[in-house]
Amino acid sequence: MRASFFICIAGIAAYLCVLFFYCMKISAKKNAMKKEDKKIQKASASFVSSLLLCALVEVLPILIPLKTYVIVIVCLCGIFGSYLVLKERFEKL
């Protein structure tokens, strides 16, 4: 197997780790807000679409052959983008 495939798999794994970590934090904060009877804002459509686009960026190098350094940059952009979107959602709660 080629190194680019393993880079893509590592990028997808890192994306899922960031997603899992922030989903747990957001869920815990929502539960705490429910106990305090505070209003929980619904996630906007742009939040969901941003996460879907970050996931698409992670899968893109598997579908389109790119050079190794470009694959690394694209995967890091997907991970960093999902991190920023989830962090913003966590802070807006």
Check: Is segment 31-42 home to any residue that is buried (at least 17 other Cβ atoms within 10 Å of the Cβ) and not charged (D, E, K, R)?
Finding: no
Notebook entry, point to check: Applying the selection to segment 45-69, what residues are surrounded by fewer than 13 Cβ atoms within 10 Å (Cβ to Cβ) and part of a helix (DSSP H, G or I)?
Noted result: A45, S46, V48, S49, L52, L56, L63, T68, Y69
Next item on the list: Taking F5 as meeting all but one of (1) out of contact with any helix residue (DSSP H, G or I) (no Cβ under 6 Å at 6 or more places or on another chain); (2) at pLDDT 90 or above, write down the number of the exception.
Entry: (2)
Notebook entry, point to check: Among the residues of segment 71-84, is there at least one that is open to solvent by less than 100 Å² (accessible area, probe 1.4 Å), of a type in the set (A, V, I, L, M, F, W, C) and within 9 Å of the chain's Cα centre (by Cα)?
Noted result: yes
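The values are calculated or read from the model by the stated rules, or taken from the named source; none is laboratory data. Given the structure is predicted, the values throughout are model-derived calculations rather than measurements. A quick note on method: Cβ atoms are made from the backbone with ideal geometry, for glycine too, and the neighbour counts reach across all protein chains shown. In case anyone asks, the SASA skips ligands and DNA or RNA and just uses the protein heavy atoms, side chains included. Shrake-Rupley method; radii C 1.70, N 1.55, O 1.52, S 1.80 Å.
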